[in-house]
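The values are calculated or read from the model by the stated rules, or taken from the named source; none is laboratory data. What you see is a predicted model, and the numbers here were worked out from it, not measured in a lab. Glycine gets a Cβ as well: all are built from the backbone with ideal geometry, and neighbour counts include every protein chain shown.
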Amino acid sequence: MSSDSILTIKNLQFSYGARIIADGMDIDIERGKITTIMGPSGTGKTTLLRMIGGQVRPHAGEVRYEGKNIPDLNKDALLAARKSMGLLFQASALFTGLSVFDNVAFPIREHTQLSEQMVSHLVLSKLEAVGLRGAAELMPGELSGGMARRVALARAIALDPRLMMYDEPFVGQDPITMSVITRLIKLLNDSLGMTSIIVSHDVHDAMAISDFVYLIAEGKVIASGTPEELRQSESPWARQFLRAEPDGPVSFQYPATDYQTDLFASVE
Amino acid sequence: MIEAIRLTGEAALRVLARLGRATLFISQVIAGLPMLLRRFSLVVTQLYEVGVLSIAIIVISALAVGMVLSLQMFYTLRDFGSEQILGQVVALSLVRELGPVLAGLLFAGRAGSALTAEIGLMKATEQLSSMEMMAVDPIKRVVAPRFLAGVLSMPLLAAMFSAVGILGGYLVGVGLLGVDSGAFWSLMQANVDFYDDILNGILKSVVFGIIITWIAVFEGYDAKPTAEGVSRATMRTVVHSAFAVLAFDFILTALMFGGR
């Protein structure tokens, strides 16, 4: 564990039935840095974020955030820890019954006693940061996917979290929105002094802004290092993933019985 | 044979586990109710959604039920020369039974299904998860106000059903069929007891309100986060609420009026 770690995951174990998500996973997130956790689809990256946020309880191991082991916290302590975290959901998860303004104001109104004028100033400044101050009165149904993602980002940073987590922030975005979101993540991390964790399988954009990268597969960290170190890695996993090669340790086919047996079983 | 016993046992265990989850869930909801004293505006919003928006279906149904009841009763009572007690019969039927039960069934169909679908969709679109990550307890913030609003609305809607039903009975009985207006109201006044009839009817509607809203919010919160899961949960709310209302109506009626 680094002396300036905000989050340390140690010997993490978790599975959904036979599907292993974490099998002795160790991850260290350094304060103030952007760390990306990459891996093939279905490796449990989103579940990992949910374990950090205390929404999913690991079967064993530690998820130590600012010195406190998240799975050991009681409900009140967990809620207190979450106040300093932000999570950008893959599906944006905006409250459909509230306007853009009220969505961003939601955490501020819930956790502070600020006057409505002050709430308004804060909300508009967050919306300005994501370039959507002009959309404050729109409803979530009136937003494009990229706009919804940016509103969700404004809401996630409303209380200036110390740890910001992004779940697949680039998925389903057009190139312009993708570049805007990439720039925003970097800008927010540096200007607000946050620590960022990006979960993604978008190699190009995620590595461009990351200080450190973890590559996970089959419940373990299979490679880690700076983006440059990872590019030079000789690990077959890292090579296949970063170069998008179809052949390698990660199989395209879901485990199945022999193809010929399946095809001709009924004939015999 | 063994397989059939095993499957029955499994099904019984699933039902018991679900009942256990529902009980734990409602205890968490009840623990969240005191917070609503400080933020009663959350309840007021839901009173509008759950209660006020159900008024139309309650009033229209009650009027129709009261009119038909009056019509049916009039011809039966006339055979015995007792049509003057029409007001009493209509009022007792509505206040004791039809008001709470039919209002309960309509409430389950209109407000219960809406509550389940809303909470289920919030779950499916990760709105509840995002609320948790913002350190806001969705049971306190989303479920508790809806539960309280449902429990408060149901007796008021049932009372409204009975009142409008009686009015419908009056319009047909007195206005159309020629029953004496004075007899209609005075016999009703003389023979409908406040404690035995009206209060027991209100008590029934309170019980129905708790059960229906409990089923509705639990089904929404426990729904599988998919389109099919929310659809099934909504269907279960209506079906289970209807069964529960009818079963509890029998039990409560036996307890309230059985010893007479």
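Odds and ends about this structure:
- Residue within segment B:186-209 that is farther than 25 Å from B:Gly169 by Cα, touching a helix residue (DSSP H, G or I) at 6+ places or on another chain (Cβ under 6 Å) and in contact (Cβ under 8 Å) with a residue 60 or more places away in the chain present: yes
- Looking only at segment B:217-231, and only at residues there that are touching a helix residue (DSSP H, G or I) at 6+ places or on another chain (Cβ under 9 Å) and of a type in the set (D, E, K, R), the one that is farthest from B:Gly150 (Cα to Cα): B:Lys224
- Considering residues of segment A:96-106 that are at pLDDT 95 or above and within 13 Å of B:Ser130 (Cα to Cα) only, the residue nearest to the other protein chains (Cβ to nearest Cβ): A:Phe106
- Of all residues in segment B:116-123, one or more are buried (at least 24 other Cβ atoms within 10 Å of the Cβ), assigned to a helix (DSSP H, G or I) and more than 14 Å from every other protein chain (Cβ to nearest Cβ).
- Filtering segment A:112-123 to residues that are buried (at least 17 other Cβ atoms within 10 Å of the Cβ) and free of Cβ contacts under 8 Å to residues at least 24 places away in the same chain leaves only A:Val119.
- Criterion (out of contact with any Pro (no Cβ under 7 Å at 6 or more places or on another chain) and surrounded by fewer than 17 Cβ atoms within 10 Å (Cβ to Cβ)) met by exactly one of A:Arg82, A:Arg64, A:Arg109, A:Arg57: A:Arg109
- In segment A:107-127, the residues that are within 14 Å of A:Ala154 (Cβ to Cβ) and facing chain B (nearest Cβ under 7 Å): A:Pro107
- Residues satisfying the stated conditions in segment A:49-62, i.e. within 19 Å of A:Leu159 (Cα to Cα), in contact with a Lys or Arg (Cβ under 9 Å, 6 or more places away or on another chain) and either free of Cβ contacts under 8 Å to residues at least 60 places away in the same chain or not in a loop (DSSP other than H, G, I, E, B) (or both): A:Gly54
- Residue match in segment A:22-32 (condition: in contact with a Leu (Cβ under 7 Å, 6 or more places away or on another chain) and either without any contact (Cβ under 8 Å) to a residue 60 or more places away in the chain or within 14 Å of another protein chain (Cβ to nearest Cβ) (or both)): no
- Cβ-Cβ contacts under 9 Å between residues 6 or more apart (or on different chains), taken from a first residue in segment B:125-143 that is more than 9 Å from chain A (Cβ to nearest Cβ) to a second residue that is surrounded by fewer than 22 Cβ atoms within 10 Å (Cβ to Cβ) and of a type in the set (Phe, Trp, Tyr), are listed as B:Ile139/B:Phe25; B:Val143/B:Phe25.
- Pairs meeting the criteria (first residue in segment A:145-161 and over 16 Å from B:Gln127 (Cα atoms) and within 11 Å of another protein chain (Cβ to nearest Cβ), second residue modelled with pLDDT under 90 and surrounded by fewer than 24 Cβ atoms within 10 Å (Cβ to Cβ), beta carbons under 6 Å, at least 6 apart or on different chains) are lacking.
- Just one of the numbered conditions (1) in contact with a strand residue (DSSP E or B) (Cβ under 6 Å, 6 or more places away or on another chain); (2) within 30 Å of A:Met118 (Cβ to Cβ); (3) assigned to a helix (DSSP H, G or I) is not true of A:Thr46: (2).
- Looking only at segment A:65-91, and only at residues there that are small (Gly, Ala, Ser) and over 18 Å from B:Val142 (Cβ atoms), the one that is farthest from the other protein chains (Cβ to nearest Cβ): A:Gly67
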